[in-house]
Amino acid sequence: MVRYVRHSATTGGLSTAASSALARLGREGPYRLTDLARAEGVSQPNMTQLVTRMERAGLVRRITDSTDGRGVLVEVTETGLTVFRQRRAERADALEQLIGELTEPEQRAVKVALPALARAIQDRQRRS
């Protein structure tokens, strides 16, 4: 199901890695390149290449870290936010269509299960 919903988001023609990094920046704000690489579970050189490609596409930009003038942050641009929001809407639409194909009892079960799963994920993240 997750794979189906992820693949339904096509705006921007992004790779899975680019989509994930863009989503993180869109949700959480600017990151240092090394911290973004760590959060995304990729090497710093790979993240540098990815950010460079995303920068060329106008999705992100590098800015000076206001707390450390030597540091550089990566932040999402307005274009990047638009792509992020459109991809999120595409995934939501795909999930809604999928749920719409279920029977009423199945739909009710999903509406109970999804919030419970979301809570379990949040609890796990807080403990980490």
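Values in this text are rule-based calculations from the coordinates and carry no lab data. Just so you know, these numbers come straight off a predicted model, no measurement behind them. Note that each Cβ is placed from the backbone with ideal geometry, even for glycine, and that neighbours are counted across all protein chains shown.
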Could you list, in sequence order, all residues of the range 85-99 that are among the acidic types (D, E) and either under 17 Å from R24 (Cα atoms) or touching a Ser or Thr at 6+ places or on another chain (Cβ under 7 Å) (or both)?
-> E90
Starting from the range 1-21, keep only residues that are under 22 Å from V60 (Cα atoms) and touching a residue at least 12 places away in the same chain (Cβ under 8 Å), then list their pairs with residues that are among the hydroxyl-bearing types (S, T, Y) and surrounded by 15 or more Cβ atoms within 10 Å (Cβ to Cβ) whose Cβ atoms are within a distance under 8 Å, requiring at least 6 positions of separation or different chains.
-> R6/S19; A9/S19; G12/S19
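Return the total of residues in the range 70-128 being within 29 Å of T52 (Cα to Cα) and either touching a His at 6+ places or on another chain (Cβ under 9 Å) or acidic (D, E) (or both).
Initial filter on the range 70-128 (within 29 Å of T52 (Cα to Cα)): 70-92.
Of the ones still in play, those that are also either touching a His at 6+ places or on another chain (Cβ under 9 Å) or acidic (D, E) (or both) are 75, 78, 90.
Adding up the residues that qualify gives 3.
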Within the bounds of the range 9-31, is there any residue that is in contact with a Ser or Thr (Cβ under 7 Å, 6 or more places away or on another chain), surrounded by 13 or more Cβ atoms within 10 Å (Cβ to Cβ) and not in a loop (DSSP other than H, G, I, E, B)?
-> no
